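Reading through the structure tokens given below for one structure.
The values are calculated or read from the model by the stated rules, or taken from the named source; none is laboratory data. Note that the coordinates shown come from a computational prediction; the quantities given were computed from them, not determined experimentally. Here Cβ is always computed from backbone atoms with ideal geometry, including for glycine, and neighbour counts include all displayed protein chains.
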Amino acid sequence: MIERASLKLLSQYLKAFPAVAILGPRQVGKTTLVKQIARQLSKPAHYLDLERSSDLQRLSRDAESYLESFQKECVIIDEIQRKPDLFPLLRSLIDQKRTAARFIITGSASPELLKGASESLAGRVAYLYLHPIGAHELPDRIPLAKHWLRGGFPSALLAKNNLILRQWLDSFITTYIEKDLPMLFDIRFSPSTMRKLWAMLAHLQGAILNIEKLASSLDVSGTTVKRYLDHLEGAFIIHRLPPFYTNIGKRLVKAPKIYLNDSGLLHALLRIESDKELLAHPSAGESWEGYVISQLLYAKKPRTDLYYYRTQAGAECDVVLAHGHEVKACIEIKLSKAPVPTKGFHHSIADLQSTRNFMIGTAPQDYLTKDNIRMVDLPTFISKYLPRL
């Protein structure tokens, strides 16, 4: 088992909040984390899995009386999106007896798209987002190259061989498209259109999002594409990296860039099955860029935001780390052991007046160039520099 960095934060939340919601994509390890923390609680835990029909029936008859009988225990409700009408009841039960760690709930969608969650439990719940296993959580026995190829879903990362890896990832994609997404959001999707969209997004990794072009290629409306993307982002499958806006009198690119969060899913959709195939693939650079960005998202502090920066004149920065409107760092990402900063990156640094600038490559390194750009590898940046920004 790989110990998750979220375990310590979860323990802190449970000492301060009556409810904690653990959110993340399916198969990411939420149940494993919950069962691990349950053994560390100072009171008994009662576990309910709403994907089990018997547990769902218990809460379908008289949920209020049933849950009230466990006032002295921590009630764990796994996959709560299967019964969203529980949220108002949980609010009422918490208000009747507001003690720490009354409820732990897990869900596979963002609170904005979990019906009733953000309104009913406001001020009563702490949200913890469990991402796929990040580079900052890797044990020494798993090299970074393997993590990049396989991604961070535990079953994929720890698969015994590439055959099992391919089978798991293909099954995950099919199940998500045909079963999980419709169940999560109680909405009908066209499985064939959604599958085509996933494949197209894999080939558009790191591209500027053009909804109308996607809609034309899929032969659906722009509204439909936007709805599909909203739900994919709400299910933590994709990330739309927003542009950094600044009033510098230059024409800026204002559409987001789009990424599949997990590199293993990306490579499954691109039919990449080995390190050798990955490095020879035309999308290798975009894959590395998306992988680095996902690892920054997983490891960053909550108050740090990620953007990209691009002007119509050609200034470009892969990642801008910011606190509000304050630029903390500019980052360029290159699939190279000896990366060279581009002219566009230098222009971005000047535009944004950034004093801390980094180039993340693939070789172990950590030194400052004469242009005040630190050349660094991803593990060093995450462990040494990201916590300071």
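Determine whether segment 126-148 contains at least one residue that is buried (at least 18 other Cβ atoms within 10 Å of the Cβ), basic (Lys, Arg) and modelled with pLDDT of 95 or more.
No - not one qualifying residue is present in segment 126-148.
Kindly indicate the residue of segment 328-339 that is in contact with a helix residue (DSSP H, G or I) (Cβ under 7 Å, 6 or more places away or on another chain) and assigned to a strand (DSSP E or B) and also surrounded by the most Cβ atoms within 10 Å (Cβ to Cβ) among those meeting that condition. Explain how you work it out, then say what you get.
First, pick out the residues of segment 328-339 that are in contact with a helix residue (DSSP H, G or I) (Cβ under 7 Å, 6 or more places away or on another chain): 330, 332-333, 335.
From what is left, the residues that are assigned to a strand (DSSP E or B) are 330, 332-333.
Values: Cys330: 27, Glu332: 24, Ile333: 25.
The extreme case among them is Cys330.
Got a sec? Which of Ile94, Ile2 is among the β-branched types (Val, Ile, Thr), under 20 Å from Ile133 (Cα atoms) and either touching an Asp or Glu at 6+ places or on another chain (Cβ under 9 Å) or in a helix (DSSP H, G or I) (or both)? Explain how you work it out, then say what you get.
Details: Ile94 fails: under 20 Å from Ile133 (Cα atoms).
Sole residue among the options that is among the β-branched types (Val, Ile, Thr), under 20 Å from Ile133 (Cα atoms) and either touching an Asp or Glu at 6+ places or on another chain (Cβ under 9 Å) or in a helix (DSSP H, G or I) (or both): Ile2.
So, in segment 173-221, exactly how many residues are basic (Lys, Arg), at pLDDT 90 or above and touching a helix residue (DSSP H, G or I) at 6+ places or on another chain (Cβ under 9 Å)?
Count: 2.
If you take the residues in segment 238-253 that are in a loop (DSSP other than H, G, I, E, B) and within 22 Å of the chain's Cα centre (by Cα), which one is farthest from Leu181 (Cα to Cα)? Before you say what the answer is, go through the steps one by one.
In the first step, residues of segment 238-253 are kept if they are in a loop (DSSP other than H, G, I, E, B); the result is 242, 244-251, 253.
Checking the rest, the ones that are also within 22 Å of the chain's Cα centre (by Cα) come to 242, 244.
Working: Pro242: 24, Phe244: 30 Å.
The residue in question is Phe244.
Which residues, taken from segment 340-354, are in a helix (DSSP H, G or I) and touching a strand residue (DSSP E or B) at 6+ places or on another chain (Cβ under 6 Å)?
First, the residues of segment 340-354 that are in a helix (DSSP H, G or I): 343-352.
Within segment 340-354, Gly344, Phe345, Ser348, Ile349, Leu352 meet the criteria.
Tally up the residues in segment 355-385 that are in a helix (DSSP H, G or I), surrounded by fewer than 21 Cβ atoms within 10 Å (Cβ to Cβ) and not charged (D, E, K, R), please. Step through it out loud before you land on a result.
As a first pass, look at segment 355-385 and keep what is in a helix (DSSP H, G or I): 378-385.
Keeping just the survivors that are surrounded by fewer than 21 Cβ atoms within 10 Å (Cβ to Cβ) gives 379-380, 383-385.
Filter once more, so that each one left must be not charged (D, E, K, R): 379-380, 383, 385.
The total comes to 4.
Quick one: which of Arg303, Arg251 is more than 23 Å from Leu386 (Cβ to Cβ), exposed (fewer than 15 other Cβ atoms within 10 Å of the Cβ), at pLDDT below 95 and assigned by TED's automatic domain parsing to the domain that holds Pro154? Full working, then the answer.
Details: Arg303 fails: more than 23 Å from Leu386 (Cβ to Cβ).
One residue alone meets the criteria, Arg251.
Any idea which of (1) over 27 Å from Lys300 (Cα atoms); (2) surrounded by fewer than 21 Cβ atoms within 10 Å (Cβ to Cβ) is the one Ala16 doesn't satisfy?
Every condition holds for Ala16 apart from (1).
For segment 222-237, which residues satisfy the criterion of being in a helix (DSSP H, G or I) and either closer than 26 Å to Tyr291 by Cβ or touching a helix residue (DSSP H, G or I) at 6+ places or on another chain (Cβ under 8 Å) (or both)?
Looking only at segment 222-237, we keep the residues that are in a helix (DSSP H, G or I), and these are 222-234.
The answer is Gly222, Thr224, Val225, Lys226, Tyr228, Leu229, Asp230, His231, Leu232, Glu233, Gly234.
For the list (1) surrounded by 20 or more Cβ atoms within 10 Å (Cβ to Cβ); (2) outside any strand (DSSP E or B); (3) not hydroxyl-bearing (Ser, Thr, Tyr), I need the number of the one condition that Pro84 fails.
(1)
Could you list, ordered by first residue, the pairs with Cβ atoms under 6 Å in which the first is in segment 345-363 and within 15 Å of Phe244 (Cα to Cα) and the second is of a type in the set (Gly, Ala, Ser) and assigned to a loop (DSSP other than H, G, I, E, B), at least 6 apart or interchain?
These pairs meet every condition: His347/Ala315; Ser348/Ala315; Asp351/Ala315.
Check whether at least one residue in segment 59-67 is within 25 Å of His231 (Cα to Cα) and crowded, with 16+ Cβ neighbours inside 10 Å, and report yes or no.
Here is the first cut: in segment 59-67, the ones within 25 Å of His231 (Cα to Cα) are none.
Checked segment 59-67: no residue is within 25 Å of His231 (Cα to Cα) and crowded, with 16+ Cβ neighbours inside 10 Å.
Counting just the residues of segment 280-314 that are free of Cβ contacts under 8 Å to residues at least 24 places away in the same chain and assigned to a loop (DSSP other than H, G, I, E, B), which one comes out nearest to the chain's Cα centre (by Cα)?
Pro302
Quick check on segment 340-354: of everything there that is among the hydrophobic types (A, V, I, L, M, F, W, C) and buried (at least 18 other Cβ atoms within 10 Å of the Cβ), which residue is farthest from Val292 (Cα to Cα)? Explain how you work it out, then say what you get.
Start the filter on segment 340-354 by keeping residues that are among the hydrophobic types (A, V, I, L, M, F, W, C), which leaves 340, 345, 349-350, 352.
Subset that is buried (at least 18 other Cβ atoms within 10 Å of the Cβ): 345, 349, 352.
Working: Phe345: 17, Ile349: 20, Leu352: 22 Å.
In this case the residue turns out to be Leu352.
Got a sec? Which helices (runs of 4 or more DSSP H) wholly within segment 147-190 have at least 2 residues that are free of Cβ contacts under 8 Å to residues at least 40 places away in the same chain, polar (S, T, N, Q) and farther than 21 Å from Ile133 by Cα? Outline the logic, then answer.
Details: elements: 154-157, 162-175, 181-185.
Ranges flagged: none.
Test of understanding: among Ile77, Ile104, which residue is in contact (Cβ under 8 Å) with a residue 60 or more places away in the chain, of a type in the set (Val, Ile, Thr) and either crowded, with 21+ Cβ neighbours inside 10 Å or closer than 25 Å to Thr32 by Cα (or both)?
On the way: Ile77 fails: in contact (Cβ under 8 Å) with a residue 60 or more places away in the chain.
The match here is Ile104.
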